[in-house]
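What follows draws every value from the coordinates through simple rules; no lab data is involved. A quick note: this is a predicted structure, and the numbers were derived from the prediction, not measured. Here the Cβ is made from the backbone with ideal geometry for all residues, glycine too, and neighbour counts use every protein chain on show.
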Amino acid sequence: MAEHLRRAVPRQPADWFGFYRFDNDDSEPWRCCRVIDISQLGVGLELFAISSDEDLSGPITISVELRGDTRNVVRGDLGDTARLGAEFAAPTEAAKRYIRSLNGVRSRW
């Protein structure tokens, strides 16, 4: 039954690079990964720099870096805050379809 519910929420393509580390050892260094797809309930990852005998189970922390060009900067009244938009450079067609699919959907990440 768990296998049947595994994809209850469809995943969307992402193709983002990020970093990961397993939570069983805080001294473990961050390593590179690629987020292949993502949903509200989970993520598909490609992990880099693993050894063939490494235990890949247990809690994992994933950090994703998103890059864009700054747009629409508005500074706060006291000057110690700011609200801005960031435009992603050249999103893929899959990313554009996903963004369009969110229109009108109550997605919460």
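Summing Lys and Arg as +1 and Asp and Glu as -1 over all other residues whose Cβ lies under 10 Å from the Cβ of P13 gives a net charge of -1. From most to least packed by mean Cβ count within 10 Å, the peptides 14-20, 24-30 give 14-20, 24-30.
Would you mind counting up the charge near L66? Only other residues with Cβ under 13 Å from its Cβ, with Lys and Arg at +1 and Asp and Glu at -1. Residues near L66 contribute -3 overall. First check a/c for the stretch 36-80, with a ≥ b ≥ c the square roots of the eigenvalues of its C-alpha gyration tensor; if it is under 1.5, answer rounded, and if not, answer prolate when a/b is larger than b/c or oblate otherwise. Verdict is prolate for the stretch 36-80. What the Kirkwood sum gives for the stretch 2-101 is a hydrodynamic radius of 16.5 Å, with every pair of different alpha carbons counted.
Remark: the stretch 51-59, residue by residue, has Karplus-estimated 3J(HN,Hα) of 9, 5, 9, 6, 7, 9, 9, x, x Hz, where x stands for each Gly or Pro and the curve is 6.51 cos²θ - 1.76 cosθ + 1.60 at θ = phi - 60°.
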